[in-house]
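Working notes, beginning with the structure itself.
The values are calculated or read from the model by the stated rules, or taken from the named source; none is laboratory data. Predicted model, so just to flag it, every value in this text is computed and none were measured. Ideal geometry is used to build each Cβ from the backbone, glycine not excepted, and the neighbour counts take in all protein chains shown.
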């Protein structure tokens, strides 16, 4: 191998050319300085390829865009854009994408973000960059508690609300001894803890719990048999997504649904659809939105359905719509330039204005960032009771907004001046 | 009530039985892997995705063609097996000349593609699939209620496993197959169409995975991620049993199911990891696995 | 210089120039991700390209380095350099333990043992209280380096990360082009012959493994400081798979391959994030193409085309 000037030059050229191709691959990374037209940008960050694809995913983006349409963006003289990305449930990827969105792409508001570990990781990023963070997808009540932030609003549910509605209401309805099947990670454990506290407060007993490895467990048979042996009246499923679907399917197989009531502590209408009514019938779960609840929710659903025909909206999707709509109202009130500059100010404006939309009716955002909507305990219909596609729920108990959430003082949110 | 190590006797027996049932699944799945590795020297990381395809195939047969569970037990493996033939002819056959590890990497890539495509098409929530009416219900065994379907799974798995082992170890076809993997040119010189034999073997391994998929469809959520949940454990089973040994995989599959079942009673959080612990111990003491031939 | 051939020296200079220039054109945080991934891949390349052992559990060392650096930074408020060094030491220590168990085997068994051992490390990280489980260790401060250089500025952090990368890169290169490296090469080509010459091959392999794990730990620690978090993703087997993909795509056993692979894979992940579900499919397709047609990887093919060794 002789080194000639030719081959040396070829090397250098080749080595230089390849990285120079990177801007083409990573086009969104490289932006020339842009003209200062105040375009409001909303970034929907959620799971589009993993276990939460149907409970969030593309339908959330559709609902966010619907908010733009319903608000009448053009008529109000605003320029708004919605972009989205898949965080694959990985906190570092989410942080990376979010930083880039804020630093380079001019995103002003972060929306959805399921998976509590990811949601928590983004709190400090949004606070540091002073942007608006509206979370509809994650469950952890710590987001308005120990990890609260003035840039943040938690829109439509959390672990406390779920526990109180499903746990508390079920105890009142006679399910006073519980056995938990818990996904062994922070979210599952928190759900179990919150529900246990509320069950005991309502006069019930917790007879035991089976923590199973998460993720990766598909077979729950041995845990279910242990639950059966405990003699508890209620089987509490402290898990979500595919785990919930599997555990319910197998609970049926082992005949648990005959002897125990099954309480799915976190479950959405899309999971019910995946299970099928013959398995899911009789389940108890809590959501803060149901598409068939009243005329307004039906009208909303009718508007979004053409763009997401196989996936009806659940409370997260409705939450994305409601959050985006309220955000736009605040922005219109403040003026786009002001809203872009200061996330805390925008969120404060949002807290000052009452929330009003077709999905949740009226609600108010509390100082710690908790949007107070009512919660509903639903029972899933049996196949005989269901009269049409996605006609799945019947309402059992309504918990009004002022009772559904953890009291402000108990959250120990640091920036609230008491 | 007899207490063993602080656990009531009936509960323990129930868990052991459940462990055996799970073991049947592991044995079934690892069988296909062992066949493919033993005969073709390919580490088929795509096995989990093929299992998933079998489950989806049975769902599709039901949903699009109205074909029920029992016909699907034959049709789904057939369909996925045909897919396996196509795979082998186009991609897998190029791997035979390469180092093992490239086979592992390629099939790993294949699994990403297959699972990704199914996720794009069907989402991640899963599709409903019911237990066939005739197998519903449970039998009271005294110490626990055993779902009839699970009993059926053990029986079906055992039958298929033993039949496969018998075919490979005891029939002339199996002998030809084993000879072909040891010395292909010589066997070809005898007039046997070796490439076709190899293709069919790969398809056979794939069909076994798909059969396990059909068995799994009524009890596990039929979703694109279902394969990856199993694949690590199944690999461990094959490695522990001995990478070329059919009987090794079967016995280890059942054995590991039982061990996992016991772990679920005493220390449930570790039940997913105990398999790896066993694998490390076995590999350190007896690297070719419990029943494997010397490398 | 440094044992580079003429062509390699030119390529090295080009790389340094790019590292110096790129942050003014591209996004520094993205580039830091690339550099950490590149360092991790260089560490991995050491063991697979030059010793010939495929470790399917390298994420264990990267991730543990990440956790330890994050924890010491957050709770002991040490200097950033100390945190990264702790990360490296953790990687090395873990590498020693796991390597000692695994090194006796080779080929597919080595890969399987490393996979199993890293799954156990994952389980440990899941259960141990100090790692924060699912949430991971969050809000890790960037702190200062050498007491006075403040890292909260993205550009400053970038220069520090580049320095760490270049140091690691040169270290790997130095290891390979040393008498020790020559023995490794001999072991890879014909282990029985090396043994017959009197070399204790297992010891050499173990040392190389530990060095690789140490550098992986340094890469992990640096990454934790850049992003301020250390999570379970860092120890998950998909991260192990990703570093294999990166090195394969760049070119196994080449000097600049890992860095090139890291650039391509990270860019791809970034760019495709907006297309949601297609990332895994694309990664899978790349794996397949690489194995079938492109086994030498980008740099390998380039080198073969230009008839030089890169």
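Determine, yes or no, whether residue B:188 is on the phi < 0 side of the Ramachandran plot, in contact with a strand residue (DSSP E or B) (Cβ under 6 Å, 6 or more places away or on another chain) and either modelled with pLDDT of 85 or more or surrounded by fewer than 21 Cβ atoms within 10 Å (Cβ to Cβ) (or both).
Numbers: on the phi < 0 side of the Ramachandran plot: yes; in contact with a strand residue (DSSP E or B) (Cβ under 6 Å, 6 or more places away or on another chain): no; either modelled with pLDDT of 85 or more or surrounded by fewer than 21 Cβ atoms within 10 Å (Cβ to Cβ) (or both): yes.
Answer is no for this residue.
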Would you confirm whether or not the range B:176-192 contains a residue that is in contact (Cβ under 8 Å) with a residue 60 or more places away in the chain, farther than 18 Å from residue B:51 by Cβ and either part of a loop (DSSP other than H, G, I, E, B) or within 14 Å of chain C (Cβ to nearest Cβ) (or both)?
no
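Working carefully through the options B:84, B:137, find the one that is surrounded by fewer than 21 Cβ atoms within 10 Å (Cβ to Cβ) and more than 10 Å from chain C (Cβ to nearest Cβ).
Numbers: B:84 fails: surrounded by fewer than 21 Cβ atoms within 10 Å (Cβ to Cβ).
Among B:84, B:137, only B:137 is surrounded by fewer than 21 Cβ atoms within 10 Å (Cβ to Cβ) and more than 10 Å from chain C (Cβ to nearest Cβ).
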So residue C:16, is it free of Cβ contacts under 8 Å to residues at least 12 places away in the same chain, part of a helix (DSSP H, G or I) and surrounded by fewer than 20 Cβ atoms within 10 Å (Cβ to Cβ)
no
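How many residues does the range A:194-214 contain that are closer than 22 Å to residue A:249 by Cα and either in contact (Cβ under 8 Å) with a residue 60 or more places away in the chain or not in a loop (DSSP other than H, G, I, E, B) (or both)?
Initial filter on the range A:194-214 (closer than 22 Å to residue A:249 by Cα): A:208-214.
Add one more test, that the residue is either in contact (Cβ under 8 Å) with a residue 60 or more places away in the chain or not in a loop (DSSP other than H, G, I, E, B) (or both), and what stays is A:208-212.
Final tally of qualifying residues: 5.
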Failed item in (1) surrounded by fewer than 16 Cβ atoms within 10 Å (Cβ to Cβ); (2) modelled with pLDDT of 85 or more; (3) within 14 Å of chain C (Cβ to nearest Cβ), with residue B:115 passing the rest:
(1)
Considering only residues of the range C:147-167 that are within 16 Å of residue C:83 (Cα to Cα) and modelled with pLDDT of 85 or more, which is surrounded by the fewest Cβ atoms within 10 Å (Cβ to Cβ)?
C:163
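Quick check on my filter: what residues within the range C:69-107 are within 10 Å of chain B (Cβ to nearest Cβ) and either surrounded by fewer than 24 Cβ atoms within 10 Å (Cβ to Cβ) or farther than 27 Å from residue B:242 by Cα (or both)? Quick ask: steps written out before the conclusion?
Kept after step one, since they are within 10 Å of chain B (Cβ to nearest Cβ), are these residues of the range C:69-107: C:98, C:101-102, C:104-107.
Answer for the range C:69-107, where residues must be within 10 Å of chain B (Cβ to nearest Cβ) and either surrounded by fewer than 24 Cβ atoms within 10 Å (Cβ to Cβ) or farther than 27 Å from residue B:242 by Cα (or both): C:101, C:104, C:105, C:106, C:107.
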Within the range A:123-145, how many residues turn out to be in contact with a strand residue (DSSP E or B) (Cβ under 7 Å, 6 or more places away or on another chain) and either at the interface with chain C (Cβ under 9 Å from one of its Cβ atoms) or in contact (Cβ under 8 Å) with a residue 60 or more places away in the chain (or both)?
10
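Restricting to the range B:239-271, give me the number of residues that are assigned to a helix (DSSP H, G or I) and either in contact (Cβ under 8 Å) with a residue 24 or more places away in the chain or buried (at least 24 other Cβ atoms within 10 Å of the Cβ) (or both).
Narrowing the range B:239-271 to residues assigned to a helix (DSSP H, G or I): B:239-241, B:246-266, B:268-270.
Restricting the remaining residues to those that are either in contact (Cβ under 8 Å) with a residue 24 or more places away in the chain or buried (at least 24 other Cβ atoms within 10 Å of the Cβ) (or both) gives B:239-241, B:246-262, B:264-266.
Total satisfying the criteria: 23.
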In the range A:255-275, how many are surrounded by fewer than 23 Cβ atoms within 10 Å (Cβ to Cβ) and modelled with pLDDT under 85?
5
Would you confirm, using the coordinates I've provided, whether residue B:236 is more than 12 Å from chain A (Cβ to nearest Cβ), touching a residue at least 12 places away in the same chain (Cβ under 8 Å) and surrounded by 24 or more Cβ atoms within 10 Å (Cβ to Cβ)?
yes
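In the range A:169-189, what residues are in a helix (DSSP H, G or I) and crowded, with 22+ Cβ neighbours inside 10 Å?
Taking the range A:169-189 first, the residues in a helix (DSSP H, G or I) are A:169-172, A:186-189.
Across the range A:169-189, the qualifying residues are A:169, A:170, A:171, A:187, A:188.
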Residue A:217 passes all but one of (1) within 13 Å of another protein chain (Cβ to nearest Cβ); (2) part of a helix (DSSP H, G or I); (3) in contact (Cβ under 8 Å) with a residue 24 or more places away in the chain; (4) surrounded by fewer than 24 Cβ atoms within 10 Å (Cβ to Cβ); which number fails?
(2)
From B:49, B:30, B:58, residue being assigned to a helix (DSSP H, G or I), touching a strand residue (DSSP E or B) at 6+ places or on another chain (Cβ under 9 Å) and within 17 Å of residue B:210 (Cα to Cα)
B:58
Filter result (closer than 23 Å to residue B:37 by Cα, touching a residue at least 12 places away in the same chain (Cβ under 8 Å) and over 20 Å from the mean Cα position of the chain (by Cα)) within the range B:61-98:
B:89, B:91, B:93, B:95, B:96
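Which one is farthest from the chain's Cα centre (by Cα), of the residues in the range A:190-203 that are farther than 24 Å from residue A:119 by Cβ and surrounded by fewer than 24 Cβ atoms within 10 Å (Cβ to Cβ)?
Narrowing the range A:190-203 to residues farther than 24 Å from residue A:119 by Cβ: A:199-203.
Narrowing further to those that are surrounded by fewer than 24 Cβ atoms within 10 Å (Cβ to Cβ): A:200-203.
Working: A:200: 27, A:201: 27, A:202: 27, A:203: 30 Å.
It comes out as A:203.
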Taking the range C:269-293 only, how many residues are within 19 Å of the chain's Cα centre (by Cα) and within 11 Å of chain B (Cβ to nearest Cβ)?
2
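Just to be sure before I move on: is residue C:249 in contact with a strand residue (DSSP E or B) (Cβ under 9 Å, 6 or more places away or on another chain) and within 14 Å of chain A (Cβ to nearest Cβ) in the structure I sent? Don't jump to the end; show me each part of the working.
On the way: in contact with a strand residue (DSSP E or B) (Cβ under 9 Å, 6 or more places away or on another chain): no; within 14 Å of chain A (Cβ to nearest Cβ): yes.
Against the criterion (in contact with a strand residue (DSSP E or B) (Cβ under 9 Å, 6 or more places away or on another chain) and within 14 Å of chain A (Cβ to nearest Cβ)), residue C:249 does not qualify.
Name the residue, out of A:285, A:305, A:328, that is part of a helix (DSSP H, G or I) and within 30 Å of residue A:262 (Cβ to Cβ). Steps first, please.
Numbers: A:285 fails: part of a helix (DSSP H, G or I); A:328 fails: within 30 Å of residue A:262 (Cβ to Cβ).
Every option except A:305 fails the conditions.
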Given (1) closer than 25 Å to residue C:169 by Cβ; (2) away from chain B (no Cβ under 12 Å); (3) in contact with a helix residue (DSSP H, G or I) (Cβ under 9 Å, 6 or more places away or on another chain), number of the condition residue C:241 does not satisfy
(2)
How many residues are without any contact (Cβ under 8 Å) to a residue 60 or more places away in the chain and touching a helix residue (DSSP H, G or I) at 6+ places or on another chain (Cβ under 6 Å) when one looks only at the range A:364-418?
1
Every listed condition ((1) in contact with a helix residue (DSSP H, G or I) (Cβ under 6 Å, 6 or more places away or on another chain); (2) over 27 Å from residue B:96 (Cβ atoms); (3) part of a helix (DSSP H, G or I)) holds for residue C:309 save (3)
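When residues of the range A:244-266 are filtered for being within 17 Å of residue B:225 (Cα to Cα), more than 9 Å from chain B (Cβ to nearest Cβ) and within 21 Å of the chain's Cα centre (by Cα), how many remain?
Residues of the range A:244-266 within 17 Å of residue B:225 (Cα to Cα): A:244-247, A:249.
Next, only the ones that are more than 9 Å from chain B (Cβ to nearest Cβ) stay: A:244, A:247.
From the residues that got through so far, the ones that are within 21 Å of the chain's Cα centre (by Cα) too are A:244.
Adding up the residues that qualify gives 1.
So which of A:329, A:387, A:351, A:341 is over 30 Å from residue A:173 (Cβ atoms) and over 23 Å from the mean Cα position of the chain (by Cα)? Don't jump to the end; show me each part of the working.
Values: A:329 fails: over 23 Å from the mean Cα position of the chain (by Cα); A:387 fails: over 30 Å from residue A:173 (Cβ atoms); A:351 fails: over 23 Å from the mean Cα position of the chain (by Cα).
The match here is A:341.
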Restricting attention to the range C:254-268, the residues that are within 14 Å of chain B (Cβ to nearest Cβ) and surrounded by 20 or more Cβ atoms within 10 Å (Cβ to Cβ) number exactly 2
Boolean, residue A:140 is modelled with pLDDT under 90 and touching a helix residue (DSSP H, G or I) at 6+ places or on another chain (Cβ under 8 Å)
yes
